[in-house]
Amino acid sequence: MKINFLFLLLPFFFPLDSFCQSDAYYGKSDFPFRRKTNIHFNVGYKYSFHYGRLVLANPVVTNTSGRDLETIKQFPSTTFDISLTFNHFIDNRQEVFGGFGVSEHIYEEEGQVVYALSNGNTNRYTYSDLFYYEHFYFLVGHRYTFPAKGQLFPYIENSFQSDWLSEDPRTYFPANFFNRNGYSYKFHLGVRAIGEIPILFGKNSLKVNALFSVFFQSALVKYNFKKFNRDYYPYAYGVNLSIVLGKLQWLN
């Protein structure tokens, strides 16, 4: 996994209070959010794969040394999805948001490398590798929150994402195998938790506003540029944790 984890430090450098309205109460009494505009720091962990059984690049992988690849199996692989979003309540149940992030479409492959020998025979050995589509992305979306169940607020979320290839993939594929830009759709089903965490050795507590969800993501366009046996349409599913950023509030 090659995502630059310096991205995780972003929340500590943003002047968060300047982005938020911290005065007026917004929403009904059972929806206790104090800010109409919020910043969310999101970390997802997902299984990534693609539609179809095997994405074979054999027709474009032969090189002048006489080496061919024979793909045998392909498997899902895991990776992270890290983003920062700016969320705005349009009423007491609905939010719209936009933001940016970094992630990967990824899968694992096993196969054989075949060398042509000068005597006409062939030599084979087994290989295993990870195939990446590392990208920076922009996203826009909408979230609807249902009535509270205690301190838990169920919600559904839909978003659209524009992926931009960040570097050439570390694969056996030739240059320009992937499109530089792709589009995907993501659906979240989750719950927002609002509460207080007791602080040890004191009478104070820390206010918490966090969201946990499961999600499914699917490509809307093909991500391959070169033609081969089938087009590459990645998808992913996983879990996501979002922290609503802002000044820590101590409740007496």
- Can you tell me which residue within region 155-196, out of those that are among the acidic types (Asp, Glu) and either at pLDDT below 95 or within 13 Å of the chain's Cα centre (by Cα) (or both), is nearest to SER218 (Cα to Cα)? ASP163
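Out of all the residues in region 211-229, which are modelled with pLDDT of 75 or more and touching a Leu at 6+ places or on another chain (Cβ under 7 Å)? It would help to see each step written out before you state the result.
To start, the set of residues in region 211-229 that are modelled with pLDDT of 75 or more comprises 211-224.
The answer is PHE212, SER213, VAL214.
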- Item | Some residue of region 104-123 being farther than 30 Å from ASN179 by Cβ, free of Cβ contacts under 8 Å to residues at least 40 places away in the same chain and assigned to a strand (DSSP E or B) | yes
- Query: Which number in (1) crowded, with 20+ Cβ neighbours inside 10 Å; (2) out of contact with any helix residue (DSSP H, G or I) (no Cβ under 9 Å at 6 or more places or on another chain); (3) closer than 30 Å to GLU157 by Cα marks the one condition that GLY101 misses?
  - Reply: (2)
- Note on the structure: Considering residues that are crowded, with 17+ Cβ neighbours inside 10 Å and either within 18 Å of the chain's Cα centre (by Cα) or closer than 28 Å to PHE160 by Cα (or both), the number found within region 104-124 is 4
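The values are calculated or read from the model by the stated rules, or taken from the named source; none is laboratory data. On a predicted model such as this, the values are computed, not experimentally measured, just so you know. Counting neighbours? That spans all protein chains shown, and the Cβs are built from the backbone with ideal geometry, glycine included.
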